Amino acid sequence: MSASTSGGGGLSPQAAAALQEGIGLVFARWTALQMAVENEWGGRDSRAKADRLAADVLSFFTTSKGPYYFDDLEEMMFDNISEFFNADFEDGSVGEVAEQVLIMHEECLQNNYSSIEKLRNTRAQANAVSQSRMRMLDSVGFCFAM
C-alpha cells in the first residue's frame, strides 16, 4: 500500500457535506469522466453512474475509520469506472482525482475548506465568463461554438 494516506477519524456533518460538495466540484471538472457521461459510455444512465461514483468515493471516507490509503481509493475508482462505463481511464486522471480528494478529506478533518472554496469560486468565475460570452454573442445576433 502507498505511504500516501489521509488520517483516520470521523468527519463532522459539516465536514462531510463540504467533502461531498468538493467531490462534486472535482468530478465536474474531470474531463475523462465528463466525456464518459456526455458520450454515454455507461449507457443512458451514465449521469447516474457518475453520481454513484461520487457517492462511492464519499462513502469510502464516511463508512470506515481509516487510515485511508491512496492506492485503495484509486483502485476502487478504477474498478467502478470499469464497471460503470466499461472503460479504463489511462490518462493518469484517476490518480490525480484520488489525490485531490484525499487532500480535501484531510483538510475537512481540520475544518479547513479552503480548497473547496477555491473550486467553488473558480466555477463561479467560469460560469460568469461563459454567461458574458453568451450575452455578447446574443447581442450581435449570432452564435458559434467556442
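Each value in this text was obtained by applying a stated rule to the coordinates, not by laboratory testing. Quantities reported herein were computed from a predicted structural model and do not represent experimental measurements.
Numbers below:
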{"item": "Residue-span extension gain [residue 14 to residue 40] - 0.36 nm each, minus C-alpha spacing", "result": "6.0 nm"}
{"item": "Potential extension, residue 114-residue 59 segment - 0.36 nm per residue separation minus Cα distance", "result": "17.6 nm"}
{"item": "From the C-alpha gyration tensor of region 5-115, square roots of 5λ in Å", "result": "24, 14, 12"}
